[in-house]
Each structure stands twice: as structure tokens, then as C-alpha cells.
Amino acid sequence: MLDILPKMRTKLFVLHLHTSSGDEAGGARCPEVHSAMKRFSRFFFPMVFVFCLSCQTLRSPTPETVKMEPPPKRVPRVALVLGGGSARGFAHVGVIRVLEKEKVPIDMIVGTSVGSLVGAIYASERDSFQLEWIAYKIREEDIFDFSLIYSRMGPVQGKKLEEFLETTLKVKNLEDLKLPLYPVATDLYTGKMITLETGSIARAVRASSSIPGIFVPVKISGMLLVDGGVTNNLPIEIARQKGADIVIAVDISKDVRNVQINSVIDVILQSVDIMGKELLKYKKQGSDVLIEPQVGEIRMMDFTQKKKCIEEGMKAAQAALPSIRQKMQEWNKP
């Protein structure tokens, strides 16, 4: 439209001259028509001219160039899944020491049996040195309180383990932990795997660690709970369900050889260990990084090998660091 404005101005000017030049001839033939045309031209032509000028000033605004910022990178949520294995679980302490030292983020912990115990102590303060110090303090008597009174459902009551955690942990309830912890247990009534998310940390860990046939089962919310290893000794899928992007799993049941079986408790522990290993053959493939400390030769009730377990945990975690970093880099790639 702006291109034709000069042409319109020229035509309007010529038409105005033509109308003016015809004043004498038109006025002589029809004075009324001439007078009307003259009045019309005085009104019409200026209005058209003003309209054209206004159209010329209404230019389309130049669009501003908007620089699109790339979306911020989302940090992956990392879950640490700690498997069961009784005294071999001290290897978890060494793994956590290395991960904390190397600044590998831990956004949640999922634990079965001793994995929930170690996870609870760490989640309470997020201090691996404090965790190691407490681990060295733990004695067999702090966990195994044998009693003939409770032998109908198990020779170990489990009350001492709960009391130990009540006095050790600064945070008392699962929902109050800044680092989420998900202890896993098994409901004897239904056979279902149970993830405990609220309530007493000490009682949840006791339930997750109650090896059937040895510990008295724990009653929570109408359920009769025993060791989570009965259904899942390395609950990787729970971490996925809770939103983990990267799962680092620690399996301490790789080697189940044990020639020192001398009691009913040894028989039960070894049987549970063997069953757990068979269940894990395919489940552990769901992790992004699998850490397997070499602690198979250590008896499940041997609390004298803490230092060796922690060292083996550190060694295995160090070996897994390149894989962990690679997984985190791959996750951040567009």
C-alpha cells in the first residue's frame, strides 16, 4: 500500500486541477452541479490526502531479535542401593567413604537388612567419618539379643538393635531425613515386598534386618515384617520408582562359599544368603553401576573383620568411579 501513495497523490492532484479547470464550462452549463462538485472536492481530497499520510506513518514495527537461552541442565538424581549380608555390610561404609570423598552425589538410599542399617546412620548426619566411627563401635551384642523367651518365633528379639539406633541417630523419623532413606522389608502375611517411608527409623531398620528364623518378626501397621532379603536383597526397582535417574548398587553377596557352618543359625544364614544370590542374578542387571566388594569369604556373623570389609568396600568403590562418572556424563548429553 505504501508503494502506491505517490501515484495516488499525483492522481488526486490532477483530478483536482481538472475539476478546477472545468469551472467555467461546467459553471456555465449547470451552476448547481458545479457548486456541489466544488464543495465535494474541497472536503474529499484533503481527507483522502490525510488518510494516505496516516497509512504511510503506520509502518510495521521491526521485530526484536530474541535470543533463546538453552534450557538449564537437570542434575540427575542418584540412588545408592545397599544390599543385605549381615556383618559383610561393613563394606558399605567403605563405599560411602569413597563416594563422599569423590563428591559423587547421593540423593537417596534404598537398603535391605544391614544395608538399611548403614544407610540409616549415614542419612541421619551425612558424614562418612561419623559413619565409620559408629561402625567400629557396633558390637555383636548391640544387634543380637538372644533370649529363650522369644524362641517361639526366633531366638533374637531385635530390641537391642532398635534401642541402639534410637540412641545413636539424631533424626528419629524417616520422613524427617534430609537424605531420603527407604528400608525394605517383607510381609510374612502376604509375601509382598514392603518399602517403609514413614515412622520410626529404628523400628523400620529392625524390621528390614529381622532375618526369619533368627529374629522375631516386627509388627508394623497390621503387617508382620521380616528381612527384606527374603523378597529382594538388592531393591534396585524401588530406587527407580522413587525417581532415581542413576542407580549405584552395592552387592555384598557375590561369593556365598562358607565351610564354617556349625549351628542352626549358621544354617539359616547360609540358606538365606544362597537364596538371595539366586534372586539377584537378573535383578542386579537393572543398576547403572554395580559395586561388588570382595567379602564373600567373611562369615555373616563375623564382627571381627570390620576393617577388612571397609577396606574392600573402598577398593571396589574406587574401581567403580570411572563407570560412575561416565554414566553421569552420558546422562547430561543432549
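The values are calculated or read from the model by the stated rules, or taken from the named source; none is laboratory data. Quick caveat, the model's predicted, so the values are computed rather than measured. Neighbour counts are summed over all protein chains in view; Cβ atoms, including those assigned to glycine, are modelled from backbone coordinates with ideal geometry. Areas reflect the complete protein model, heavy atoms only, side chains present, ligands, DNA and RNA absent. Shrake-Rupley method; radii C 1.70, N 1.55, O 1.52, S 1.80 Å.
Tell me which of 120, 179, 224 sits at the most positive position along the dipole axis of the range 93-235, charges placed on C-beta atoms (Lys, Arg +1; Asp, Glu -1).
Checking the options against the dipole of the range 93-235, the answer is 224.
Convert each backbone phi in the range 190-203 into a coupling constant with the Karplus relation 6.51 cos²θ - 1.76 cosθ + 1.60 (shift: θ = phi - 60°), then list the ³J(HN,Hα) values in order as whole Hz, x for Gly and Pro.
Ordered by residue, 3J(HN,Hα) equals 10, x, 8, 6, 10, 9, 8, 10, 9, x, 4, 5, 4, 6 Hz.
So which trypsin sites (Lys or Arg not before Pro) in the range 91-149 are both in a DSSP loop and have at most 15 other Cβ atoms within 10 Å of their Cβ?
103, 126, 139
Kirkwood Rh, the range 156-269, all Cα pairs: how many Å?
That comes to 15.3 Å for the range 156-269.
Within the range 189-275, which trypsin sites (Lys or Arg not before Pro) sit in a loop by DSSP and count at most 15 neighbouring Cβ atoms inside 10 Å?
Hits after loop and neighbour filter: 192, 257.
Contact order normalised by length for the range 79-123, with contacts defined as Cα pairs under 8 Å and 6 or more residues apart; what percent is it?
Contact order relative to length: 56 percent.
Sorted by mean Cβ packing within 10 Å, highest first, what order do the peptides 227-233, 324-330, 83-89, 161-167 take?
83-89, 227-233, 161-167, 324-330
So what does residue 176 come to for accessible area, using a 1.4 Å probe and Å² rounded to 10?
Per-residue accessible area (residue 176): approximately 90 Å².
Could you report the accessible area of residue 136 in Å², rounded to 10, computed with a 1.4 Å probe on the protein chains as they sit in the structure?
100
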